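Notes to accompany the following structure.
The values are calculated or read from the model by the stated rules, or taken from the named source; none is laboratory data. All of these numbers come straight from a predicted model, not from anything done at the bench. Quick reminder, even Gly has a Cβ in these numbers, built from the backbone with ideal geometry, and neighbours come from all protein chains shown.
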């Protein structure tokens, strides 16, 4: 295979990934199980009631600074088998989709990339964790129209959509043989703290 062919294949792969990320971002505007860092910072800025443009920009800067410090302090991590696991979903056109830490922005990677503001448009938090962070830093909770409330529940339609989005994220190459509806339901519940029926899983898998 020539260098030109390799370059063309890499461009096509990058184009497909950019489209996939764009669709993910648009889907989250409805499903809202992941909240972008840029959206969190924007809400923090606009929650400054009656602020001038300068005050709003300062509030935005401070929000990014706090988000960055929280990421570096490990506030967006959980422990899995005794090891810290980042909860920051990281989807960049040039980042690999497979391999260790392929989708998670770690403290070590953040140190290389610079700061969370530079990576905000590629980084997401689970909705519930975003709300916990807002509360912990004394920001008002955003209304559901801006950041979907984690305890607001799902309708049947939105729950199915949420499960579909979860399946795409969990199994980007398709659900492996042997993964049952009960397994997916348990994984979804662990991820969202929301129970789901086997029937909903079956609808989402179609």
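Quick notes
- Against the criterion of being free of Cβ contacts under 8 Å to residues at least 12 places away in the same chain, more than 13 Å from the chain's Cα centre (by Cα) and closer than 19 Å to residue 131 by Cβ, residue 78 qualifies.
- Each residue in region 26-50 was checked for being closer than 19 Å to residue 131 by Cα, within 16 Å of the chain's Cα centre (by Cα), modelled with pLDDT under 85 and part of a helix (DSSP H, G or I), and 4 of them qualify.
- Restricting the search to strands (runs of 3 or more DSSP E) fully inside region 58-149 and requiring at least 3 residues that are at pLDDT 90 or above gives 123-126.
- Residues satisfying the stated conditions in region 150-186, i.e. at pLDDT 85 or above and assigned to a helix (DSSP H, G or I): 181, 182, 183, 184, 185, 186
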